[in-house]
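Visitor: Have a look at this one before I ask anything.
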Amino acid sequence: MIFDILGPSASIVLIAFACCVHHVRPVTHGGCPSTMFVNGIRPSGFYQCLTKPGGNPADDGTFGHPDRSYDRDGELYGHIWCSGGSHPIVVDDHTVGCTR
């Protein structure tokens, strides 16, 4: 009788503990969705993703032409943790990570 109560209770506690431990682990790399780009990363590891501008890329205001592109609203924020002497960098348009 006691095992009928302790078995499921122990399973629930272990599953909850495993979920908590999984989400506490620091992340050493991150990124933005394909419709966004990395706007930069701070030395603290915080980074910002902005939505790519819309419209024709040829109408971006270069070469003395008027800027006819439009900005879409949207931004996301993220945070990575670099340790062991490494520091945060922007890897490409969509990815951030740590390097030494």
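Where a number appears in this text, it was derived from the coordinates with a stated rule and is not lab data. This one's a predicted model, so the numbers in the text were calculated from it and none came from an experiment. For neighbour counting, all protein chains shown are included, and Cβ atoms are generated from backbone atoms with ideal geometry for every residue, glycine included.
Visitor: Between D67 and H94, what is 0.36 nm times their sequence separation minus the Cα-Cα distance? Round to one decimal in nm. Before the final figure, lay out the partial values.
Guide: Working: separation 27, 0.36 × 27 = 9.72 nm, distance 2.45 nm.
My answer for the length gained is 7.3 nm.
Visitor: Let me ask something else about it. Mind giving me the nanometre distance, one decimal, between the label points for H87 and H29, set 7 Å out from Cα along Cα→Cβ?
Guide: 2.1
Visitor: Pull up all non-local amide H partners of V91: gap of 5 or more, or a different chain, and H-to-H distance under 5 Å with H placed in the peptide plane.
Guide: V96, G97
Visitor: What ³J(HN,Hα) values, in whole Hz, does the Karplus curve 6.51 cos²θ - 1.76 cosθ + 1.60 give for the range 26-43 when θ = phi - 60°, with x put for Gly and Pro?
Guide: Coupling constants for the range 26-43: x, 9, 9, 8, x, x, 10, x, 5, 8, 10, 9, 6, 8, x, 9, 8, x Hz.
Visitor: Continuing with the same structure: Within the range 39-56, list the residues whose amide N lies under 12 Å from a label point set 7 Å along Cα→Cβ of Y77.
Guide: Counting only backbone N, you get 46-49.
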